[in-house]
Amino acid sequence: MKVDDEALAAASRRLRSRADAILAAVWFMPEAAGGWPALGLPPLGLASRAACMGRVRGAVAAAAFAPMNPARVAPAIEEAWALTDPDTLLVARLDAATRFLASRVGGEEPASADRAVTLLAPAARAAPPGGHPVYAGLLALPSPDTTLGSLWRACDLVREHRGDSHVAAWQAADLDGVEINLLSEAWRGLPPGSVAAGQMGWSLDDVTAAAHRLAERGLLVDGGLTAAGRALREGIETATDRQERPIVAALGDALDELLDLLTPWARAVMAVGTSPAEMAGGEVRPGARAAVSRTATGPDR
């Protein structure tokens with residue numbers, strides 16, 4: 001199925017927003033705030049996301065999780081592997097997310113989830129894994145044995161493929177991790193530094209220096225995008241969209257049906273996610289509900 005760039009952008013962004021919202025079960029489930037005491041782990045952090053890649057060193061996870069501050073990521077990963085192992089953490093993460101969806105959103109085996117899995121699961125696996133380490137790690141995992149687990153995993157695949165695509169796109173635009181955060185904040189109308197410092201672990205000095213570099217390039221002025229900055233940021237998003245073509249093409253004419261099936265789930269997760277936990281290594285973050293709900297339920301998504 002041939003999809004032009006405009007249609008591809010609309011389709012891939014709408015799919016991303018629904019998948020992000022359903023995946024947000026990991027931000028709002030009880031373990032996000034309370035952790036897993038049986039595993040000796042603090043509230044949900046980056047290790048549960050990195051676990052699909054195996055027992056990678058902290059520096060490797062930090063490279064995969066750009067644009068987060070590697071000085072935050074690497075120690076968190078090393079600490080987690082001193083307390084537990086990736087396979088144990090993967091089981092705990094999937095089980096907790098599935099229980100959250102079942103108990104707080106839609107029941108054990110709702111028909112809408114079954115149909116959504118039928119459509120989304122194969123499409124989510126249709127993209128080539130090259131250059132997408134987190135996506136490749138998820139592809140290597142055994143398939144969940146429940147409908148809700150399969151739905152959540154498919155959403156995770158969509159989210160992580162696009163995330164890896166996005167990293168490639170902004171690095172090709174000669175930006176670093178702090179700079180892409182600042183450009184994205186301005187592009188989305190968020191306060192300067194709110195994501196870079198508040199969520200991604202960069203210091204205020206890092207943010208100030210990055211803002212100065214972006215201003216020197218004529219991309220940012222007084223915390224706002226210049227015309228050149230907006231064009232660059234929108235070009236990064238378009239370059240990201242293009243890498244999602246295999247997934248969109250695999251869905252074909254079923255895209256609208258799938259989005260209709262996913263929308264109630266996305267909104268239901270947002271409706272119950274009223275108290276996201278504080279930042280715990282990057283996966284749980286302040287303001288997560290508001291940030292995700294904007295993309296999950298907006299009229300242009």
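Quick note: the coordinates plus some simple rules give every number you see, no bench work behind them. The model shown is predicted, which means the values in this text are computed figures rather than measured ones. Every residue, glycine as well, gets a Cβ built from its backbone with ideal geometry; the counts of neighbours run over all protein chains shown.
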*Between residue 204 and residue 121, what length comes free when the chain is fully extended (0.36 nm per residue of separation minus the Cα-Cα distance, one decimal in nm)?*
25.8 nm
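Given R₀ = 41 Å, what would the calculated FRET efficiency be for residue 57 paired with residue 234, taking r from the Cβ atoms and rounding to 0.05?
On the way: r = 35 Å, r/R0 = 0.86.
Calculated transfer efficiency: 0.70.
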*So, in nm, how far is label residue 188 from label residue 95 when the simple model puts each one 7 Å beyond its Cα toward the Cβ?*
3.2
*Sequence-separation-based contact order of the range 5-292, relative, with Cα cut under 8 Å and 6+ spacing, percent*: 32
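Which value in deg cm²/dmol, rounded to the nearest 500, describes the helix-derived mean residue ellipticity at 222 nm for the chain, given -39,500 (n - 2.57) per DSSP H run of n ≥ 4 and division by the residue count?
On the way: 16 runs with 194 residues, N = 301.
Dividing the helical sum by the residues of the chain leaves -20000 deg cm²/dmol.
Could you give the length gained by full extension between residue 10 and residue 85, i.e. 0.36 nm per residue of separation minus their alpha carbon distance, to one decimal place?
Details: separation 75, 0.36 × 75 = 27.00 nm, distance 3.90 nm.
Taking residue 10 through residue 85 to full extension adds about 23.1 nm, to one decimal.
What full-extension length gain, to one decimal in nm, is calculated for residue 111 and residue 267 as 0.36 nm per residue of separation minus the Cα-Cα distance? Please report the intermediate quantities before stating the final value.
Details: separation 156, 0.36 × 156 = 56.16 nm, distance 1.72 nm.
Difference between extended and current length: 54.4 nm.
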*Loop only per DSSP, at most 16 neighbouring Cβ atoms within 10 Å: give me the trypsin sites (Lys or Arg not before Pro) in the range 40-147, ordered by residue number.*
55, 57
*Before anything else, pin down the relative contact order of the range 166-227: Cα pairs under 8 Å, at least 6 apart, normalised by residue count, whole percent.*
29
*To the nearest 0.05, how large is the calculated FRET efficiency for residue 176 and residue 256 if R₀ is 35 Å and r is the Cβ-Cβ distance?*
0.40
*With point charges of +1 on the Cβ of Lys and Arg and -1 on the Cβ of Asp and Glu, referenced to the Cα centre of the chain, which listed residue (228, 7, 169) lies farthest in the positive direction of the dipole?*
7
